[in-house]
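See structure below.
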Amino acid sequence: MQHAGAGERKPRPLYTPEERRRRDETPWTLVQGILAPLQFVVFIISAWLVVRYLMTGEGLWLAHASIVLKTLILYTIMVTGAIWEKVVFGHYLFAKAFFWEDVVSMLVIALHTAYMVSLFWNFLSTEQQMYLALVAYAVYVVNAAQFLIKLRAARLQGTAPAEGSSK
């Protein structure tokens, strides 16, 4: 009879020692560390402006401008994030460690891009554009949560005792 846990595989660490070294040495890690909180602050302000517009009809220009700014920061963080992923994992996107985060990021980008296209080619009403932005923001929140969970896992992995050592 096997005891509990026999035959179970340990999950792959988020980073191999070499990937961790590359992550810690690349300046793209700092770039991501600056852009991610900046994007979150812009998101909070923009979400407030969009909801304010939908509730009062006021501030349309500011709502649109904030969504455009959020989208431009998103594009920037995605390009620099792809470069970071290439440096650390050898793939511009969809490295095993961040596969599902990248999949959801593609949906976030698609929704933000649909908003931008609708803004410039005017194929949705203003209210539809605002609701599209809110849907994009909801998916962004899911994606941000994915990355925060990975960041926590990386920190825990970095502080975990070596195999066989005591705490």
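The values are calculated or read from the model by the stated rules, or taken from the named source; none is laboratory data. Quick caveat, the model's predicted, so the values are computed rather than measured. Cβ: placed from backbone, ideal geometry, glycine included. Neighbour counts: every protein chain shown. Areas reflect the complete protein model, heavy atoms only, side chains present, ligands, DNA and RNA absent. Shrake-Rupley method; radii C 1.70, N 1.55, O 1.52, S 1.80 Å.
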Quiz prompt | Total lysine pairs under 25 Å (Cα atoms) in the chain, excluding pairs fewer than 8 apart on one chain | solution = 9
Exercise. Using +1 at the Cβ of each Lys and Arg and -1 at the Cβ of each Asp and Glu in the chain, identify which of Phe99, Leu69, Ala138 lies farthest towards the dipole's positive end.
Key: Phe99
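Give me the extension gain from Ile34 to Lys86: residue separation times 0.36 nm, minus the current Cα-Cα distance, reported in nm with one decimal.
Working: separation 52, 0.36 × 52 = 18.72 nm, distance 1.87 nm.
So the extension gain works out to 16.8 nm.
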Self-check item: Simple label model, 7 Å out from Cα along Cβ direction - Phe147 to Leu107, nm
Solution: 1.7
Practice problem: With a 1.4 Å probe and every protein chain left in place, work out the accessible area per residue of the chain in Å², rounded to a whole number. | Solution: 63
Exercise. Assign unit charges at the C-beta atoms only (+1 for Lys and Arg, -1 for Asp and Glu), then state the dipole size of the chain relative to its Cα centre in Debye, rounded to the nearest 20.
Key: 500
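If the chain between Arg21 and Tyr75 were fully stretched, how many nm would it gain, using 0.36 nm times the residue separation less the Cα-Cα distance? Spell out each step's value before the answer.
Working: separation 54, 0.36 × 54 = 19.44 nm, distance 2.63 nm.
Here the segment from Arg21 to Tyr75 would lengthen by 16.8 nm.
Dividing the convex hull volume of the alpha carbon atoms of region 61-167 by its residue count, what do you get in Å³ per residue?
Details: hull volume 11.9 nm³, N = 107.
Output value, Cα hull per residue: 111 Å³.
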Exercise. Per DSSP H run of at least 4 residues, take -39500 (n - 2.57); add these up for the chain, divide by its residues and hand me the 222 nm value, nearest 500 deg cm²/dmol.
Key: -27000 deg cm²/dmol
Quiz item: Taking the Cα centre of region 3-120 as the origin and placing charges on Cβ (Lys, Arg +1; Asp, Glu -1), which of Thr80, Gly59, Tyr115 is farthest toward the positive end of the dipole?
Solution: Thr80
Self-check item: Scattering profile of region 1-145 at q = 0.14, 0.20 Å⁻¹ [log10 I(q)/I(0), Debye over alpha-carbon scatterers]
Solution: -0.72, -1.15
Quiz item: In whole percent, how big is the carbon plus sulfur part of the accessible area of region 41-167, probe 1.4 Å, protein atoms only?
Solution: 72
Quiz item: So what J values fall out for region 52-61 if you push phi through Karplus, 6.51 cos²θ - 1.76 cosθ + 1.60 with θ = phi - 60°, rounded to Hz, Gly and Pro as x?
Solution: 4, 4, 5, 7, 10, x, 9, x, 4, 4
